[in-house]
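Q: Following this message is one structure expressed as structure tokens.
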Amino acid sequence: MADEVLSMFQQAAAEKEIDTSKKLKFGIIGTGWIAESHIIELKKMPDVEIVAGADLIPGKAEKFFKTWGVEGARCYPDHKSMIDNEELDAVCVCTYNKTHKECTVYALEHGIHVLCEKPMSVTTEEALEMIEAEKKSGKILTIGFQPRMDANMKKIKEIVESGELGKIYYIQTGGGRRRGIPCSTFIEEKTAGIGAMGDIGCYSLDMVLNAIGYPKPLTISGYKSAYFGTNPKVLSEYDANRFSVEDFAAAFVRLEGDIILDFRIAWAMNINTPGDTVILGTEGGLRIPSTDCWNGTVGGPMTIYKQVAGSQVEFEIPLCRNEGDAAKGLFYAKLRSFIDAINNGGTAPVPTSQIFYNQAIIDGIVKSAECGHEITLDLPDIK
Ligand SMILES: NC(=O)c1ccc[n+]([C@@H]2O[C@H](COP(=O)([O-])OP(=O)(O)OC[C@H]3O[C@@H](n4cnc5c(N)ncnc54)[C@H](O)[C@@H]3O)[C@@H](O)[C@H]2O)c1
């Protein structure tokens, strides 16, 4: 009720002015499921012209543009032929994880700005190659983490940066679903490379690592399993047979600055949620409620725990309302922030210098799980 009354006094935000004198020529690489969200938002941008698309599956790009009413977009059988034959300013890499690196690097080598879908890649080595190509090209490479645009995610970072929690020393994060395995190209090693970690685990990591300034991961003891995805009582026999990634992962990660990260993620498990995200500091603690279907959304009002004048107190941070571009949707804001950075000579809204460590943790979990013991990461500083 109080919110409704207050909102009567709020001024409507002025519509952002967009210069339409030059239109950026966009191409879409991979015209599957997530490309739909990209084309829906790109069509709303008056300074963008969608000129081409590519997909490995014959006829898929043609059908995609027909469905979304983008007449005249030229279609190609792969990213190379599209990039070789078009004069593009920017591409959205909407392919499955295993081809993120080759599509991104090829586009950057041809002087094209790139928005690459999350996760950045499958391996640390691939992520490094992408960064190398980015640096050489001088073009923007941003990674598609739309939860970053959410006012609640920004609030978590503001709370940590306010100093109210003191020195952060322990973080518990992750999430998951009791049953929620996406039976698409996500479940096969040959296309996705990684499972629940690449789908939803990367969001949990980004939520907390972004808040604390992305310290470098130093050591990882990781675990992964696939007890549900490979079980024909959980998935159909067809899907259980092709399931070749992890449906659960957990890790104990040491971060630079004497911080412990305790992480777990699940596409399927025998419980409703593996718990809320918790950030513990010397002066306060923050609880961020999870959701039953974790996909990078803050699940409800957050709680801060502190000691004040000798008393243990708690207070609630109400959920924040999105404003500006984010009020038009997080996906809109993700695309808009990329386009604005290109037009204004800005930097990547979600930079690889940060997401590199997100990817390195995921890859570190895989490598530690495979060898069965803790591993030391020796990662470069990325500027
Ligand atoms: N940001 C989000 O909310 C979100 C949500 C879902 C998926 N994703 C990410 O988007 C990516 C794609 O997921 P999806 O569900 O759309 O997969 P999908 O399998 O539906 O589509 C991927 C398409 O890419 C095509 N492709 C692969 N390599 C190609 C190449 N070299 N050239 C041209 N086409 C190529 C495939 O043929 C396929 O049609 C994944 O990395 C996933 O993690 C992000």
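Q: For I194, state whether it is within 13 Å of the ligand (Cβ to nearest atom), assigned to a loop (DSSP other than H, G, I, E, B) and either at positive phi or of a type outside the set (G, A, S) (or both). Spell out the reasoning first.
A: Numbers: within 13 Å of the ligand (Cβ to nearest atom): yes; assigned to a loop (DSSP other than H, G, I, E, B): yes; either at positive phi or of a type outside the set (G, A, S) (or both): yes.
Against the criterion (within 13 Å of the ligand (Cβ to nearest atom), assigned to a loop (DSSP other than H, G, I, E, B) and either at positive phi or of a type outside the set (G, A, S) (or both)), I194 qualifies.
Q: Ok, one more. So if I check each of P380, P351, which one is modelled with pLDDT under 95 and under 24 Å from T123 (Cα atoms)? So that I can check it myself, show each step before the final result.
A: Values: P351 fails: modelled with pLDDT under 95.
Of the residues listed, the single one that is modelled with pLDDT under 95 and under 24 Å from T123 (Cα atoms) is P380.
Q: Further question: Quick one: count up the residues across the stretch 276-323 that are among the small types (G, A, S) and surrounded by fewer than 19 Cβ atoms within 10 Å (Cβ to Cβ).
A: So the first thing to find is which residues in the stretch 276-323 are among the small types (G, A, S), and the list is 281, 284-285, 290, 296, 299-300, 309-311.
Pick out the ones that are also surrounded by fewer than 19 Cβ atoms within 10 Å (Cβ to Cβ) and you get 285, 299-300, 309-311.
Matching residues across the stretch 276-323 total 6.
Q: Among the residues of the stretch 100-110, are any near the ligand (Cβ under 10 Å from one of its atoms), surrounded by fewer than 20 Cβ atoms within 10 Å (Cβ to Cβ) and outside any strand (DSSP E or B)?
A: Yes, the stretch 100-110 contains a residue that is near the ligand (Cβ under 10 Å from one of its atoms), surrounded by fewer than 20 Cβ atoms within 10 Å (Cβ to Cβ) and outside any strand (DSSP E or B).
Q: I'm checking my understanding of the structure. Among residues of the stretch 162-191 that are assigned to a loop (DSSP other than H, G, I, E, B) and basic (K, R), which one is surrounded by the fewest Cβ atoms within 10 Å (Cβ to Cβ)? So that I can check it myself, show each step before the final result.
A: Initially, the stretch 162-191 is screened for residues assigned to a loop (DSSP other than H, G, I, E, B), giving 163-167, 177-178, 180-184, 188.
Within this subset, residues satisfying the condition of being basic (K, R) are 167, 177-178.
Details: K167: 12, R177: 23, R178: 15.
My answer is K167.
Q: Going by what's in this entry, would G257 be described as crowded, with 19+ Cβ neighbours inside 10 Å, out of contact with any Asp or Glu (no Cβ under 7 Å at 6 or more places or on another chain) and either farther than 25 Å from T303 by Cβ or in contact (Cβ under 8 Å) with a residue 24 or more places away in the chain (or both)? Let's see the steps before the verdict.
A: Values: crowded, with 19+ Cβ neighbours inside 10 Å: no; out of contact with any Asp or Glu (no Cβ under 7 Å at 6 or more places or on another chain): yes; either farther than 25 Å from T303 by Cβ or in contact (Cβ under 8 Å) with a residue 24 or more places away in the chain (or both): yes.
No.
Q: State the number of residues belonging to the stretch 13-48 that are touching a Cys at 6+ places or on another chain (Cβ under 6 Å) and away from the ligand (no atom under 11 Å from the Cβ).
A: If we filter the stretch 13-48 for residues that are touching a Cys at 6+ places or on another chain (Cβ under 6 Å), which is where we start, we get 28-30, 34-35, 38.
With the extra rule that they be away from the ligand (no atom under 11 Å from the Cβ), the set shrinks to none.
Count: 0.
The values are calculated or read from the model by the stated rules, or taken from the named source; none is laboratory data. Everything quoted here is computed from the prediction, not taken from an experiment. Don't worry about glycine lacking a Cβ; one is built from the backbone with ideal geometry, like all the others, and counts go over all protein chains shown.
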